[in-house]
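What follows is calculated from the coordinates using simple rules that are stated; it is not laboratory data. If you're wondering where the values come from, they're calculated on a predicted model, not measured in any experiment. Reconstructed Cβ throughout: ideal geometry from the backbone, glycine too, with neighbour counts over all protein chains shown.
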Ligand SMILES: Cc1cc2nc3c(=O)[nH]c(=O)nc-3n(C[C@H](O)[C@H](O)[C@H](O)COP(=O)(O)O)c2cc1C
């Protein structure tokens, strides 16, 4: 394994081995991927979103490939909090940090109740509130697009937990910074952005809208520029760290998000192409840093500049 020191990065009070976390919904509850991806070569993972009660999810078809990405409408299928505590958490405990449990709900009290029940448990370091799922009929996106409701949900959770608290924001909004500020005011320790963008595919043969309920969440490289723009804005506007998500496929993409101000990143859709995560693991990151002559991830953070229309490009100045 390469020397991890130049890759390690701080996230609040934590020191992550590398900036790369596996994104919610793309690595099971964590242990599923540990069989094919050496967890000590990444920074950590986020579990599938857990809700108070089990959810069967949406009927198939739940995924559809698109240009540069995919649409999904899983509909938050999960085992519910009880089974999560009895079956999944004991397995998660055996994995190395940084372990994040993702929580979903319809209203602030759902998130707060789950956070309260998880607070006394060990085996994970942080909670991520999925305030942004576009694939459930109620709650999810409605709650996540309203700054007042975001503030209320985060505050309700903050009152019930001492765990590191991450608020995951939706991109399906005019003003992501307003949502980020609301999360910060509610007591979030960090925000993560972005979840998927609402999109529809067309099945020409059956003339039906896809995936199954008629729309889904768009992820993958197609959304990376949207994600980068939002992460850049958030990192300049907020005091709390920002975790960048959206279309990260390889080590260079990871470094782009760090440059745009991300303290860490999450990788989702890329894991469907290669569950071993080879292109974002420690060795790949070190290789890319050598090519780009980046000494440490931390030194890169937030150094993205606007190109002035009048000034000559940087390379011309050398
Ligand atoms: C199949 C699938 C399932 C997902 N499930 C969840 C989920 O349960 N909770 C959540 O917060 N995000 C979920 N997401 C969103 C991802 O965590 C991530 O925010 C989004 O896909 C953008 O990153 P990417 O382009 O790297 O995939 C899911 C994404 C996909 C593709």
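Working out 0.36 nm times the residue gap between residue 91 and residue 209, then minus their Cα-Cα distance, what length gain in nm do you get to one decimal?
Numbers: separation 118, 0.36 × 118 = 42.48 nm, distance 3.86 nm.
Length difference between fully extended and current span is 38.6 nm.
Can you pull the percent of Cα pairs in region 5-317 with separation above 34 Å? All intermediate terms of the calculation are to be shown ahead of the outcome.
Working: 8216 of 48828 pairs.
Percentage above 34 Å: 17.
Pairs of Cα atoms under 8 Å, at least six residues apart: use those to get the relative contact order of region 51-124, whole percent.
Details: 77 pairs, mean separation 24.6, N = 74.
Computed over region 51-124, the figure is 33 percent.
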**Whole-angstrom gap from region 239-318 to region 31-79, using each part's C-alpha centre** = 24 Å
**Asked** For the chain, what is the relative contact order in percent, using Cα pairs closer than 8 Å and at least 6 residues apart in sequence?
**Response** 19 percent
**Asked** Going by the alpha-carbon gyration tensor, a ≥ b ≥ c the square roots of its eigenvalues, is region 54-119 rounded (a/c under 1.5) or, if a/c is not under 1.5, prolate (a/b greater than b/c) versus oblate?
**Response** prolate
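Compute the Rg to Rh ratio over region 21-79 from the alpha carbon atoms, using the Kirkwood formula for Rh, and round to two decimal places. Show your work: numbers first, answer last.
On the way: Rg = 13.2 Å, Rh = 12.9 Å.
The Rg/Rh ratio comes out at 1.02.
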**Complete:** Here, residue 174 and residue 4, labelled 7 Å along Cα→Cβ, have an inter-label distance in nm of 4.5 nm
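Let a ≥ b ≥ c be the square roots of the eigenvalues of the Cα gyration tensor of region 230-306; is it rounded (a/c under 1.5), or, if not, prolate (a/b larger than b/c) or oblate? Write down the numbers at each step before the final one.
Numbers: a/c = 2.40, a/b = 1.32, b/c = 1.82.
Here region 230-306 falls in the oblate category.
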**Request:** Work out, step by step, the length gained on full extension between residue 306 and residue 119: first 0.36 nm times the residue separation, then minus their alpha carbon distance; give nm to one decimal.
**Result:** 63.1 nm
**Prompt:** What residues of region 4-19 lie in the reach of a label at residue 40, counting those whose backbone N is under 18 Å from a point 7 Å from the Cα along Cα→Cβ?
**Reply:** 4-9, 15-19
